[in-house]
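What follows is a set of notes on a single structure, which appears directly below.
The values are calculated or read from the model by the stated rules, or taken from the named source; none is laboratory data. Keep in mind that this is a model prediction, so the values were computed, not measured. Cβ: placed from backbone, ideal geometry, glycine included. Neighbour counts: every protein chain shown. Areas reflect the complete protein model, heavy atoms only, side chains present, ligands, DNA and RNA absent. Shrake-Rupley method; radii C 1.70, N 1.55, O 1.52, S 1.80 Å.
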Amino acid sequence: MAEPHPHPDHLWRNPEPRRSYEVVIVGAGGHGLATAYYLAKNHGITDVAVLERGWLAGGNMARNTTVIRSNYLWDESAAIYEHSLKLWEHLAEELEYDILFSQRGVLSLVHSQGDRREGMRRVNANRLSGIDAEWLTPAEVKAFCPIVNISPDVRYPVIGGTLQRRGGIAKHDYVAWAFARKADEMGVDLIQNCEVSGFDLDGGRVRGVHTNRGLIAANKVALCAAGHSTVLADMVGLDLPIQSHPLQALVSELLEPVLNCVVMSNAVHVYVSQAHKGELVMGAGMDPYNSYAQRGSPHVIEDQLAAACELFPIFSRAHVLRTWAGIVDVAPDASPILGLTPIENLFINCGWGTGGFKATPGAGWVYAHTIAHGEPHPLSEPYALERFTTGALIDEHGAAGVTH
Amino acid sequence: MLIPCPWCGDREDIEFKYGGSADVAYPRDADAVDDATWARFVFFRPNPKGQMTERWVHTAGCRRWFTLVRDTVTHQITTA
Ligand SMILES: Cc1cc2nc3c(=O)[nH]c(=O)nc-3n(C[C@H](O)[C@H](O)[C@H](O)COP(=O)(O)OP(=O)(O)OC[C@H]3O[C@@H](n4cnc5c(N)ncnc54)[C@H](O)[C@@H]3O)c2cc1C
Ligand SMILES: [Zn+2]
């Protein structure tokens, strides 16, 4: 890990929007900010504005549980998530900001023969892609994470696990602020309280966006609106195969260090890590219904706490401090959509659903390339919108698992 | 969230399964439609911010399907 940098006393300017930009990015979450940073850094394009309807990184970027890993099943996914993980490994130095990236290992518990086959297959697939992956026996699970209950007398005994040692967590706010600060330094305008309400079209091409702060012209417009992607796409008649759902998470009060890694279980539906400050951070599956409400149903919380207490009896006396939800944009194959659209100069990045935090640097990198060159980066080519017509889906329901 | 089952009345949402958007019609002339039309039928659904007409099934109750209109921002339900 990087040497801790002191917390900077200046992060970004709050400029008035100019009347026109080369590139306008819609949405200042992690992906919008990373895209702006790499446009400036990798492509020398600094005439860029990032427009945000609320405050900077107050959407899913503020609400996610920060699990980072690259152990997805298919080659296309392995390539893009591993690209991202490699960027994470040097991000603190690059952004000169201690983002508290901690490669403490991501352990996925296995409770059934079906899980076991899926887990072993994924370990083998990951190794063939050059990604670190290990299969653990229950005793090895216990040795790696001593507080896991591996007793055979529970409802869903642990029969093994997969481990990605290079996986881990980071501090989500710092990541957003670090990208924002560097993008701002290179001349990018970060504009908060600026909601895009429509698009300025000229035939089949976009020339700008309508906002509550007036018309802003742009040669290129890049959407990065996560849960609100279809709301924006509907404004230009662009159909996306995306559904928006609540995804909840919760934290306990601050505790002494008890959990040394990230643990997830697809079968009993919970995942947990302990944040740097000491709170247990937990999540589970998304709520099944469509929603833009940023809240979900209490039984989802109840189920994940029951699962957590069975896996970690030591948690049974901990208190829940806070629960919340974000709005996640889910695609039918649990993989993102990143690339061009039928509308000229309009680009789309969405569908990261429950797992896009880990992709923040990687997605920003390939999206910036796609925008700068007007054609897909090789890593994002498989993620084009056309795949739903050609049938070349990238089905990651197994690896996307519970969520994250 | 309380879901009004037309047969059982208001019940907690945990008793139900969600069926997504209502009114998704199977392509009429199934042998003749092209890939783009199939893609739309299989993968694309409305995702409105506001009123949504949707299907629910009362799995842990009467097990019948029904349609209702729910606001996706307030979760307020009005009947279809
Ligand atoms: C509870 C929860 C837990 C999660 N856990 C994990 C995890 O452990 N690991 C992981 O990898 N991923 C996780 N995710 C997913 C991850 O948070 C998202 O995939 C990722 O943050 C999406 O990219 P973003 O940061 O750019 O989105 P956001 O931060 O949501 O950014 C989108 C921005 O667009 C803005 N916007 C929308 N409409 C407009 C408009 N009309 N005009 C202007 N601005 C607009 C929004 O206000 C928002 O700020 C989790 C998500 C949630 C909700
Ligand atoms: Zn009923």
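A few notes on this one:
- Some residue of the stretch B:31-46 being over 25 Å from A:P336 (Cβ atoms) and part of a strand (DSSP E or B): no
- Residue match in the stretch A:295-305 (condition: more than 14 Å from chain B (Cβ to nearest Cβ) and aliphatic (A, V, I, L, M)): yes
- Unmet criterion (only one of (1) in contact with an Asp or Glu (Cβ under 9 Å, 6 or more places away or on another chain); (2) of a type in the set (A, V, I, L, M, F, W, C); (3) open to solvent by less than 10 Å² (accessible area, probe 1.4 Å)) for A:A308: (1)
- The number of residues in the stretch B:1-52 being within 16 Å of ligand 2 (Cβ to nearest atom) and open to solvent by less than 50 Å² (accessible area, probe 1.4 Å) comes to 9.
- Screening A:V175 with (1) more than 22 Å from A:R104 (Cβ to Cβ); (2) among the β-branched types (V, I, T); (3) modelled with pLDDT of 95 or more gives one miss only, at (1).
- Residue in the stretch A:378-387 that is among the small types (G, A, S), within 28 Å of A:L95 (Cα to Cα) and either surrounded by fewer than 21 Cβ atoms within 10 Å (Cβ to Cβ) or not assigned by TED's automatic domain parsing to the domain that holds A:M120 (or both) present: yes
- Residue within the stretch A:120-135 that is crowded, with 22+ Cβ neighbours inside 10 Å, assigned to a strand (DSSP E or B) and in contact with a Leu (Cβ under 6 Å, 6 or more places away or on another chain) present: no
- Being surrounded by fewer than 22 Cβ atoms within 10 Å (Cβ to Cβ), more than 14 Å from chain B (Cβ to nearest Cβ), under 26 Å from A:I394 (Cα atoms) and touching a residue at least 40 places away in the same chain (Cβ under 8 Å) is true of A:L340.
- Among the candidates A:T323, A:T354, the residue that is open to solvent by 30 Å² or more (accessible area, probe 1.4 Å), within 30 Å of A:I150 (Cα to Cα), among the polar types (S, T, N, Q) and part of a loop (DSSP other than H, G, I, E, B) is uniquely A:T354.
- Those residues of the stretch B:43-80 which are over 13 Å from the mean Cα position of the chain (by Cα) and facing chain A (nearest Cβ under 8 Å), in sequence order: B:F43, B:F44, B:K49, B:V73, B:T74, B:H75
- Restricting attention to the stretch B:1-15, the residues that are at the interface with another protein chain (Cβ under 10 Å from one of its Cβ atoms) and either in a strand (DSSP E or B) or closer than 15 Å to A:H245 by Cβ (or both) total 4.
- Within the stretch A:234-256, residues that are open to solvent by 20 Å² or more (accessible area, probe 1.4 Å) sit with their Cβ atoms under 9 Å from residues that are in a strand (DSSP E or B) and of a type in the set (S, T, Y), at 6+ positions apart or across chains, in these pairs: A:M235/A:S197; A:Q243/B:S21.
- Comparison of A:G105, A:G30 shows that the only residue that is open to solvent by less than 20 Å² (accessible area, probe 1.4 Å), modelled with pLDDT of 95 or more and either touching a Ser or Thr at 6+ places or on another chain (Cβ under 7 Å) or polar (S, T, N, Q) (or both) is A:G30.
- Figure legend. Inter-residue proximity from the stretch A:34-57: first residues away from chain B (no Cβ under 14 Å) and within 15 Å of ligand 1 (Cβ to nearest atom), second residues at pLDDT 95 or above and open to solvent by 60 Å² or more (accessible area, probe 1.4 Å), beta-carbon distance below 6 Å, spacing 6+ or different chains. Indicated pairs: A:Y38/A:W365.
- For the stretch A:148-178, taking the residues that are of a type in the set (F, W, Y) and in a helix (DSSP H, G or I), the one that is surrounded by the fewest Cβ atoms within 10 Å (Cβ to Cβ) is identified as A:Y174.
- Count of residues meeting criterion [within 14 Å of chain B (Cβ to nearest Cβ) and either surrounded by fewer than 21 Cβ atoms within 10 Å (Cβ to Cβ) or more than 9 Å from ligand 1 (Cβ to nearest atom) (or both)] in the stretch A:179-233: 5
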